[in-house]
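Trainee: Pasting in a structure now, in structure tokens, and then I'll have a few things to ask.
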Amino acid sequence: MIRVLHVLGTLNLGGAESRIMDIYRNIDRSKVQFDFAIHTNDQCYFAEEVKKLGGNIFVFPRFTGANYHQYKKAWNIFLSENTYKIIHGHQTSTAFIYLKVAKNKRIPIRIAHSRNASKDSKIKIFTSKLARLYATDLFAVSRLAAISEFGNKNVKNNKVKIIKNGIPVGKFVFNQNNRMQLRKELNIKPNTLVLCHIGRFHPQKNHDFLIDIFSEVQKNKKDSLLLLIGEGKLKNNIEKKVKLLDLDKKILFLGSRNDIPNILSASDMLIFPSIYEGFPGVVLEAQASNLISIISSNITKEIVLLPTTFRLSLKSSSNYWAKIILLNEKLINKRKSILSELINSDFNVEKIAIFYQNFYTKRIENL
């Protein structure tokens, strides 16, 4: 059996973590098993499931910059005491440290995996790009994510494998019964226009603009509601803004949820004005649910599967976004299950899991 060490920040309900767990559930674990190196002492959402599936979890100190030597020492000790042939790093901002240690320890397969078309600090972008110096393989979820962290030259020279995110498509198929049930639980009328956003409260997700958009929708459509799913450091600021705009009865803060398929079925549109993304799984999930999606044009075109997914510029006004939302309200009643179209798509996680399994196996065989 091949054991692969995946390096992440946490094992909570984030995009990267959820996508890796989807692969983990679908991979043949008699052939490939996952372990996880994370950077938090908190009890994580997926921790118990990982243990049940046969994986191990190892905790590392959170890298601050000032603790460079402590962080490097932790990896030196760990890789001296644990034997791996594959390290798959999803946390690329610190990969220049742990992949360098792995190279020094003669670990033969070292993967740096870009999951975001980052707009972070220059230092973080620089350290992410350093990862390519110590990696044997470069992965990215989209061309934009590849260029962001590994540079345009490496992309042009085909040194980066573009591996799009996959999802368990059957899980997210639109379900009318689930729609009615959740709307009843949340006390939402059948004809209310329900917009939703799923993502942590972080500058990247652009909640401030999202609230401006919904404020404009409200001016023209009083019977509308916005569901906000997620947690994060900016949540309190957004709650204050919502109260100032007198929208607190029209916007529901639902926190982290484990029933995202039902949220999508109950909603009428996904509004996703991110400043940057890699290949956001939630947009795939929304499309699997045949949900109208209005997303930022900063997000790669590769994400668009359906004609009901619209990319809008963040330079456009909140009023313009609201107009596009209301113009597409007429499409809501045409919604249906599209499972048959999705089963054979390249975004079905079963196909992605087979790719990873074959990649890990062949790389080991060719050593």
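The values are calculated or read from the model by the stated rules, or taken from the named source; none is laboratory data. All values derive from a computational prediction rather than experimental measurement. All Cβ positions, glycine included, derive from the backbone under ideal geometry; neighbour counts span all protein chains shown. SASA here: full protein model, heavy atoms, side chains in, ligands and nucleic acids out. Shrake-Rupley method; radii C 1.70, N 1.55, O 1.52, S 1.80 Å.
Trainee: Mind pulling up the Rg/Rh value for region 130-229? Radius of gyration and Kirkwood radius, both on Cα. It would help to have the intermediate numbers written out before the result.
Mentor: Details: Rg = 20.3 Å, Rh = 17.5 Å.
That ratio is 1.16, to two decimals.
Trainee: Can you give me the angle between helix 318-327 and the longest principal axis of the chain, using Cα atoms only, in degrees from 0 to 90, rounded to the nearest 10?
Mentor: That helix lies at roughly 70 degrees to the long axis.
Trainee: Measure nothing but the geometry: give the 0 to 90° angle between the long axis through the Cα atoms of 235-244 and the longest principal axis through the Cα atoms of the chain, rounded to 10°.
Mentor: 10
Trainee: Let me have the relative contact order for region 82-213, percent, based on Cα pairs under 8 Å that are six or more residues apart.
Mentor: Averaging sequence separation for qualifying contacts and normalising by length gives 18 percent for region 82-213.
Trainee: In addition: Would you mind classifying region 284-343 by shape? Square roots of the alpha carbon gyration tensor eigenvalues, ordered a ≥ b ≥ c; an a/c under 1.5 is rounded, otherwise it is prolate if a/b is larger than b/c and oblate if not.
Mentor: oblate
Trainee: Please report, as a whole percent, how much of the solvent-accessible surface of the chain comes from carbon and sulfur atoms (probe radius 1.4 Å).
Mentor: 49
Trainee: Can you give me the relative contact order of the chain as a percent, contacts being Cα pairs under 8 Å and 6 or more apart? It would help to have the intermediate numbers written out before the result.
Mentor: Values: 672 pairs, mean separation 62.0, N = 367.
Taking the mean separation of contacting Cα pairs over the length of the chain, I get 17 percent.
Trainee: How far apart, in nanometres, would the label points at LYS164 and LEU247 be if each is projected 7 angstrom from Cα along the Cα-to-Cβ direction?
Mentor: My value for the distance between the label points is 3.1 nm.
Trainee: Report the calculated FRET efficiency for LYS222 and ASN56 (r = Cβ-Cβ distance, R0 = 51 Å), to the nearest 0.05.
Mentor: Computed FRET efficiency for LYS222 and ASN56: 0.45.
Trainee: With no solvent and one equal point scatterer placed on each C-alpha of region 154-202, evaluate the Debye formula and give log10 I(q)/I(0) for q = 0.17 Å⁻¹, two decimals.
Mentor: One equal scatterer on each Cα of region 154-202 leads to -0.77.
Trainee: Still on this structure: Can you compute the helix-only [θ] at 222 nm over the chain? Use -39500 (n - 2.57) per DSSP H run of at least 4 residues, normalise by all residues, nearest 500 deg cm²/dmol.
Mentor: Computed mean residue ellipticity for the chain: -11500 deg cm²/dmol.
Trainee: Where both partners of a DSSP beta bridge lie in region 1-74, what percent of those bridges are antiparallel, to the nearest 5?
Mentor: 0
Trainee: Report, largest value first, the span of the C-alpha coordinates of region 229-284 along each principal axis, in whole Å.
Mentor: 33, 26, 19
Trainee: Label region 243-317 by shape, choosing from rounded, prolate and oblate, from the square roots a ≥ b ≥ c of the eigenvalues of the Cα gyration tensor; if a/c is under 1.5 it is rounded, and otherwise prolate applies when a/b is larger than b/c, oblate when it is not.
Mentor: Oblate is the answer for region 243-317, as a/c is 1.5 or above yet b/c matches or exceeds a/b.
Trainee: Looking at this model, which pairs from LYS161/LYS240; LYS171/LYS233; LYS72/LYS315; LYS153/LYS315 are more than 31 angstrom apart at the alpha-carbon?
Mentor: Among LYS161/LYS240; LYS171/LYS233; LYS72/LYS315; LYS153/LYS315, the Cα-Cα distance tops 31 Å for LYS161/LYS240; LYS72/LYS315.
Trainee: What do you get for Rg/Rh over the chain if you use C-alpha atoms and the Kirkwood form of Rh?
Mentor: 0.98
Trainee: Given the C-alpha centroids of region 206-256 and region 153-180, what is the distance between them in whole angstrom?
Mentor: What the calculation gives is 27 Å, centre to centre.
Trainee: Next question, about the same structure. Using only Cα positions of region 1-144, each an equal point scatterer, no hydration layer, compute I(q)/I(0) via Debye at q = 0.11, 0.16, 0.18 Å⁻¹ and quote the log10 values to two decimals.
Mentor: Debye intensities relative to I(0), on a log10 scale: -0.38, -0.85, -1.10.
Trainee: Assuming 0.36 nm per residue, please report the length gained on full extension of the stretch GLN181 to GLU81 beyond their Cα-Cα distance.
Mentor: The span from GLN181 to GLU81 would gain 30.9 nm if fully extended.
Trainee: Give the relative contact order (percent, whole number) for region 250-367; include only Cα pairs under 8 Å separated by 6+ residues.
Mentor: Working: 104 pairs, mean separation 23.7, N = 118.
That works out to 20 percent.
Trainee: Which three semi-axes in whole Å describe the equivalent ellipsoid of region 182-336, each the square root of 5 times a Cα gyration tensor eigenvalue, listed largest first? Don't skip to the answer; put the middle values down first.
Mentor: Numbers: eigenvalues 77, 68, 53 Å².
Taking √(5λ) for each eigenvalue gives 20, 18, 16 Å, largest first.
Trainee: Counting only residues 5 or more places away or on other chains, whose amide H sits under 5 Å from the amide H of LEU13 once H atoms are built in the peptide plane?
Mentor: TYR45
Trainee: Rounded to the nearest 0.05, what FRET efficiency do GLN70 and ASN157 have when you use their Cβ-Cβ distance and R0 = 41 Å?
Mentor: For GLN70 and ASN157, the calculated efficiency is 0.70.
Trainee: For ASN41 and LEU367, what is the calculated FRET efficiency with R₀ set at 56 Å and r taken between the beta-carbons, to the nearest 0.05? List each step's numbers first, then the result.
Mentor: Values: r = 35 Å, r/R0 = 0.62.
After rounding, the FRET efficiency stands at 0.95.
Trainee: Among the listed pairs LYS100/LYS205; LYS189/LYS334; LYS235/LYS301, give every one whose C-alpha distance is greater than 21 Å.
Mentor: LYS100/LYS205; LYS235/LYS301
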